[in-house]
1. Could you list, in sequence order, the residues of region 135-163 that are within 14 Å of the ligand (Cβ to nearest atom), open to solvent by 10 Å² or more (accessible area, probe 1.4 Å) and within 27 Å of Leu70 (Cα to Cα)?
2. Would you call Val289 open to solvent by less than 40 Å² (accessible area, probe 1.4 Å) and out of contact with any Leu (no Cβ under 6 Å at 6 or more places or on another chain)?
3. Quick check on Ala14: is it out of contact with any strand residue (DSSP E or B) (no Cβ under 9 Å at 6 or more places or on another chain), away from the ligand (no atom under 16 Å from the Cβ) and open to solvent by less than 40 Å² (accessible area, probe 1.4 Å)?
4. Please state which one of Val128, Val77 is in contact (Cβ under 8 Å) with a residue 24 or more places away in the chain and in a strand (DSSP E or B).
5. Going residue by residue through region 164-187, is there one that turns out to be away from the ligand (no atom under 16 Å from the Cβ), open to solvent by 20 Å² or more (accessible area, probe 1.4 Å) and among the aliphatic types (A, V, I, L, M)?
6. Given Glu362, Glu324, which one is within 16 Å of the ligand (Cβ to nearest atom) and either within 30 Å of Glu188 (Cβ to Cβ) or more than 22 Å from the chain's Cα centre (by Cα) (or both)?
7. From Glu288, Glu254, grab the single residue that is assigned to a helix (DSSP H, G or I), free of Cβ contacts under 8 Å to residues at least 12 places away in the same chain and of a type outside the set (Ser, Thr, Tyr).
8. Do you know which of the residues in region 120-134 that are among the β-branched types (Val, Ile, Thr) and open to solvent by 10 Å² or more (accessible area, probe 1.4 Å) is farthest from Cys53 (Cα to Cα)?
Amino acid sequence: DKAGYKHFMAKEIAEQPSVLSGALSAYLTETGIALPEPGLDFDKIERLVMVACGTAFYACLTAKYWFERLAGIPVEVDIASEFRYREPPITPGTVALFVSQSGETADTLAALRYCQGKADKIVSVINVETSSIARESDLALPIHAGAEIGVASTKAFTCQLNALLLLALKAAQSRGRIDDDGLHEFMEALRALPGVFNIALDRDEVIAKAARQIAEARDVLFLGRGLMYPLALEGALKLKEISYIHAEAYASGELKHGPIALIDKNVPVVVLAPRDSLFDKTVSNMQEVMARGGKVCLITDAAGAKAAGEDVWQTIVMPEVREELTPLLYALPAQLLAYHAAIAKGTDVDQPRNLAKSVTVE
Ligand code: M6R
């Protein structure tokens, strides 16, 4: 049931505030973060290997920053179809973590089975709790996104990020990297996030306007640094998936190493850049784009919009949140941008050509 929305995707984007709120209450207690039994012995983890496909892979790439920064755990992230055939060595102390909305993705399941008997623990982050991946894991963490019908993953992505961030925070606490006050501050910021999501969704008109312009392009680039780099990849995937516009994402710092050759007035560049610790670096990349006639669509916060100057083509202003939470928040404008571009193109948003919701064959 689309609940009055034109598409499941629109409904699933719009319900993210309430879905996130439910997902948070499944894990947050008065005093901390409660994981399902049997939990995990975070002190013993020497290495985390994360494996997934598509959007779930981008959730893993984001979580790498959190696990490294917050919990001090070395992390490797891989695409399931590469991992399974490369058969990488799994050293003692390794926890293998698989992320899959459906829990049935063939490559991810095969990668999980490869790790059975080799990794210390098999953990999964899934939406479908009865799925094969959940059943074959030592610990399965539900993301509590509710059924996702649209082929383009939206609320499952933000809920994957949420579950992974909570796991990283729990690891940080067990490893003595965050004290009680620090954890509580974080929990407060998370509890406030559904309300912040609502503010972001209220920017729909501005985002739709930018999307209609972007929809005229044949190629679009997405740029981001740090936590915004995986989100740039996700934004580009979303756009190509449902609007069929060719989109590529690069880490901003890679621009000079090749992709800058593509820049001209016909290639819009979506820059994801909250005013965080890396903002100034991204702005200088953005200026390189503008100096070559590139049209920048900047997704930032009020401070970022002010600092970016007036030559920016389109600015989408997000509310401010602490740096670690920006991937969850900035996912919303990225999704809306793709959605409205697809509407402008008149494509089948919920059932894009050639794609299946669950890829159960490799
Ligand atoms: O069910 P899974 O999370 O394992 O699916 C992984 C990908 O197939 C999926 O995220 C795909 O990339 C989406 N269509 C992206 O919107």
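The values are calculated or read from the model by the stated rules, or taken from the named source; none is laboratory data. The model shown is predicted, which means the values in this text are computed figures rather than measured ones. Here the Cβ positions follow ideal geometry from the backbone for every residue, glycine too, while neighbour counts run over all protein chains shown. These accessible areas exclude ligands, DNA and RNA; they are computed on the full protein's heavy atoms, side chains included. Shrake-Rupley method; radii C 1.70, N 1.55, O 1.52, S 1.80 Å.
1. Selection gives Ser137, Ala140, Pro142, Ser153.
2. Numbers: open to solvent by less than 40 Å² (accessible area, probe 1.4 Å): yes; out of contact with any Leu (no Cβ under 6 Å at 6 or more places or on another chain): yes.
Yes.
3. On the way: out of contact with any strand residue (DSSP E or B) (no Cβ under 9 Å at 6 or more places or on another chain): yes; away from the ligand (no atom under 16 Å from the Cβ): yes; open to solvent by less than 40 Å² (accessible area, probe 1.4 Å): yes.
So Ala14 passes the test.
4. Values: Val128 fails: in a strand (DSSP E or B).
Val77 is the lone residue from the list that is in contact (Cβ under 8 Å) with a residue 24 or more places away in the chain and in a strand (DSSP E or B).
5. yes
6. Working: Glu324 fails: within 16 Å of the ligand (Cβ to nearest atom).
Answer to the selection: Glu362.
7. Values: Glu288 fails: free of Cβ contacts under 8 Å to residues at least 12 places away in the same chain.
Sole residue among the options that is assigned to a helix (DSSP H, G or I), free of Cβ contacts under 8 Å to residues at least 12 places away in the same chain and of a type outside the set (Ser, Thr, Tyr): Glu254.
8. Of all residues in region 120-134, those among the β-branched types (Val, Ile, Thr) come to 122-123, 125-126, 128, 130, 133.
When the remaining residues are screened for being open to solvent by 10 Å² or more (accessible area, probe 1.4 Å), the result is 128, 130.
Working: Val128: 16, Thr130: 19 Å.
Per the criteria, the residue is Thr130.
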